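Okay, structure first, notes after.
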Amino acid sequence: MAEVPSTFQLKPRQPAPDFSLPDGKGNIHNLESLSEGKKALVVAFVCNHCPFVVHLAKEFGEFAQEFAEKEVQVVAISANDVANYPQDSPQKMVEFAAANNWDFPYLYDESQNIAKAYAAACTPDFYVFDVNNELTYAGQFDDTRPGRGGKISGDDLRKATELALDSEVSAEPWYPSTGCNIKWKPGESPDYF
């Protein structure tokens, strides 16, 4: 499996790209409704089958539950081409979320336009926005990877989200997330690679 890093195309204080996407059951969620009344927003590009996502899926669910109490909204988005990767279909997304105790929206970006707007490159790829929906962090969950040992802690994302609660940008350098490349539809691979 090829390991692809984050692109860091979005810059600190850049506004969150807007979206309106269905979850695995067809309910529509948008940026405005998800972030309204919240102190921060975490957007994660993920999928069901990637070993890098599977590696931290349960801990990401625990992270989301912990930070929900601090008025942080978490949302996951899958943009993979389900024609060629049926294990990432919306129905399978519902099952994956349930298996990992994800109590937050897990959305499907069928057009792949939202992944491109965020310049997402890999699964998982994380973005943190403050109360004004301005980017305060992009990068890794923590420094663990599948098969490389270490305890999954989510330390990088935790620290960044705590800072976002005070509208503070995480100090750079930001360490890229790495994982499987987003499975682009034929002819749809973005030009930021």
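The values are calculated or read from the model by the stated rules, or taken from the named source; none is laboratory data. All figures in this text were calculated on a predicted structure; none of them were measured in a lab. Neighbour counts are summed over all protein chains in view; Cβ atoms, including those assigned to glycine, are modelled from backbone coordinates with ideal geometry.
Touching a residue at least 24 places away in the same chain (Cβ under 8 Å), in a loop (DSSP other than H, G, I, E, B) and surrounded by 14 or more Cβ atoms within 10 Å (Cβ to Cβ): is that true of N84 in this structure? Here the answer is no, as N84 does not meet what is asked. Taking the criterion of being touching a Lys or Arg at 6+ places or on another chain (Cβ under 9 Å) and buried (at least 21 other Cβ atoms within 10 Å of the Cβ), the residues of the range 62-81 that qualify are F63, F67, V72, Q73, A79, N80. Inspect all residues belonging to the range 112-123 and state whether any of them is free of Cβ contacts under 8 Å to residues at least 12 places away in the same chain and within 23 Å of N30 (Cβ to Cβ). Scanning the range 112-123 turns up at least one residue that is free of Cβ contacts under 8 Å to residues at least 12 places away in the same chain and within 23 Å of N30 (Cβ to Cβ).
Among the residues of the range 146-193, the ones that are surrounded by fewer than 19 Cβ atoms within 10 Å (Cβ to Cβ), part of a loop (DSSP other than H, G, I, E, B) and charged (D, E, K, R) come to 8 in all. Within the range 126-138, is there a residue that is among the small types (G, A, S), modelled with pLDDT of 95 or more and within 15 Å of G179 (Cβ to Cβ)? Yes, because at least one residue in the range 126-138 is among the small types (G, A, S), modelled with pLDDT of 95 or more and within 15 Å of G179 (Cβ to Cβ).
Screening W102 against (1) in a helix (DSSP H, G or I); (2) in contact with a helix residue (DSSP H, G or I) (Cβ under 6 Å, 6 or more places away or on another chain); (3) not acidic (D, E) leaves a single unmet condition, (1). Can we say E59 is surrounded by 14 or more Cβ atoms within 10 Å (Cβ to Cβ), in a helix (DSSP H, G or I), among the acidic types (D, E) and modelled with pLDDT of 95 or more? When the stated conditions are applied, E59 passes them. Scanning the range 1-44 for residues that are assigned to a strand (DSSP E or B) and in contact (Cβ under 8 Å) with a residue 60 or more places away in the chain yields V4, P5, P15, L21, P22, D23, H29, A40, L41, V42, V43, A44. Condition test on G154, is it among the small types (G, A, S) and in contact (Cβ under 8 Å) with a residue 60 or more places away in the chain? Judged against the criteria, G154 is a match.
Comparison of Y127, Y108 shows that the only residue that is surrounded by fewer than 24 Cβ atoms within 10 Å (Cβ to Cβ), of a type in the set (S, T, Y) and in contact (Cβ under 8 Å) with a residue 60 or more places away in the chain is Y108. Among the numbered conditions (1) part of a loop (DSSP other than H, G, I, E, B); (2) more than 12 Å from the chain's Cα centre (by Cα), the only one that A97 does not meet is (1).
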